[in-house]
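The structure under discussion appears below in the form of structure tokens.
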Amino acid sequence: MQDALELRSDIPANAQLLLWTVPTQHLRSSLSHLRPVGRAIVVCAKGLEAATHLLPLEVVSDVSPTHRLAILTGPNFAHEVAKGLPAATVVASTDAGLREQVRVMLGTNTFRLYGNDDPIGAQLGGAAKNVIAIAAGAVIGRGLGENGRAALVTRGLSELCRLAIALGGRAETIMGLSGLGDLLLTCTGPSSRNFSLGCALGRGESLSKILAGRSAVTEGVATAAALVARAGRVDLPICHAVADLLAGVKTLDQAIGQLMSRPQRDE
């Protein structure tokens, strides 16, 4: 595989598939500089653009609307995939031919690809799970226990389902790899940047200090406010609490108290 890799600053004319791995907040600028024409693009980014509240595929379409598009998303830590450990992911697109092309080109005996024709739901799962993971990390960092984390993750899944349905996706997509699968990994895996950031917040560290000590992107930080803005009237109490916490509108104790004091009701 290493022998097949070539570093270059342009896009080869014969490239069949472009994997766009730029973080969501830099996606627009990278496309503005490179502007591929008439190619299939598989975006490997999660979140919403902070300034516009657009999902990654919407950003690409906004910059250059002529491409065949897919999103690659799911419960995968890159370092495990690189080691050849078993993993599964989703390629979501309304283009059935592109889904099959990506499966054939990228699938291996340790990296299973599942197609999905609901790119909206798949992108929302990949975006919102990072926000929920910050909350899950805060629960553990504050020492609130595994019961608390289990309850938060489960209620977070309900939020993801409501959000997907409201914005044109499907609840069953959220119950798959790009929703529940990614949520479980990000809310429990120690390698999760969003979970570890939440843990640090739970221990009382400031957001600015946490981010200053990091070189990698923690997607949920930029996504939280954009997500609740895009959601409008959709009931997302956990996501709202995280957005308020990150913005300094509420302390962690205030956010927890608000969530726990919500009216009792049927599940």
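Only a single item in (1) open to solvent by 70 Å² or more (accessible area, probe 1.4 Å); (2) touching a residue at least 40 places away in the same chain (Cβ under 8 Å) is not met by Ala231, and it is number (1). Residues of the stretch 248-255 include none that is in contact (Cβ under 8 Å) with a residue 60 or more places away in the chain, under 14 Å from Ala128 (Cβ atoms) and either in contact with a helix residue (DSSP H, G or I) (Cβ under 8 Å, 6 or more places away or on another chain) or not polar (S, T, N, Q) (or both).
Residues are listed down the side, and each one gets a yes or a no for (1) in contact with a helix residue (DSSP H, G or I) (Cβ under 9 Å, 6 or more places away or on another chain); (2) open to solvent by 30 Å² or more (accessible area, probe 1.4 Å); (3) modelled with pLDDT of 95 or more:
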residue: Ser29; (1), (2), (3): no, yes, no
residue: Pro36; (1), (2), (3): no, no, no
residue: Val42; (1), (2), (3): yes, no, yes
residue: Ala82; (1), (2), (3): no, yes, no
residue: Ala88; (1), (2), (3): yes, no, yes
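Every test in (1) over 24 Å from Gly143 (Cα atoms); (2) open to solvent by 40 Å² or more (accessible area, probe 1.4 Å) is passed by Asp253 save one, and that test is (1). Each residue in the stretch 176-222 was checked for being in contact with a helix residue (DSSP H, G or I) (Cβ under 9 Å, 6 or more places away or on another chain) and either assigned to a helix (DSSP H, G or I) or of a type in the set (A, V, I, L, M, F, W, C) (or both), and 32 pass. Whether a residue is modelled with pLDDT of 95 or more, open to solvent by 20 Å² or more (accessible area, probe 1.4 Å) and closer than 15 Å to Arg155 by Cα was assessed, and Leu184 passes this test.
Only residues that are under 18 Å from Asp182 (Cα atoms), of a type in the set (D, E, K, R) and open to solvent by 60 Å² or more (accessible area, probe 1.4 Å): list them for the stretch 103-134, please. Don't jump to the end; show me each part of the working.
Residues of the stretch 103-134 under 18 Å from Asp182 (Cα atoms): 110-134.
From the residues that got through so far, the ones that are of a type in the set (D, E, K, R) too are 112, 117-118, 129.
Within the stretch 103-134, Arg112, Asp117 meet the criteria.
Exactly one residue out of Gly189, Gly248 is under 28 Å from Pro56 (Cβ atoms) and modelled with pLDDT under 95, and it is Gly189. Kindly evaluate Asp244 against the criterion of being within 21 Å of Ile71 (Cα to Cα), surrounded by 14 or more Cβ atoms within 10 Å (Cβ to Cβ) and not β-branched (Val, Ile, Thr). Criteria not met by Asp244. Taken together, the criteria place Gly137 among residues that are over 12 Å from Leu160 (Cα atoms), surrounded by 24 or more Cβ atoms within 10 Å (Cβ to Cβ), touching a Gly at 6+ places or on another chain (Cβ under 6 Å) and modelled with pLDDT of 95 or more.
To keep it simple, each residue is scored yes or no on (1) in contact (Cβ under 8 Å) with a residue 60 or more places away in the chain; (2) within 13 Å of Leu184 (Cα to Cα); (3) touching a Cys at 6+ places or on another chain (Cβ under 6 Å); (4) of a type outside the set (D, E, K, R).
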{"site": "Ile134", "(1), (2), (3), (4)": "yes, yes, no, yes"}
{"site": "Gly141", "(1), (2), (3), (4)": "yes, no, yes, yes"}
{"site": "Leu152", "(1), (2), (3), (4)": "yes, yes, no, yes"}
{"site": "Arg155", "(1), (2), (3), (4)": "yes, yes, no, no"}
{"site": "Ser158", "(1), (2), (3), (4)": "no, no, no, yes"}
{"site": "Leu163", "(1), (2), (3), (4)": "yes, no, no, yes"}
{"site": "Ala171", "(1), (2), (3), (4)": "no, no, yes, yes"}
{"site": "Ile174", "(1), (2), (3), (4)": "no, yes, yes, yes"}
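The values are calculated or read from the model by the stated rules, or taken from the named source; none is laboratory data. For clarity, every value in this text was computed on a predicted model and none was experimentally measured. Neighbour counts are summed over all protein chains in view; Cβ atoms, including those assigned to glycine, are modelled from backbone coordinates with ideal geometry. Calculation scope for accessible area: heavy atoms of the full protein, side chains included, ligands and nucleic acids excluded. Shrake-Rupley method; radii C 1.70, N 1.55, O 1.52, S 1.80 Å.
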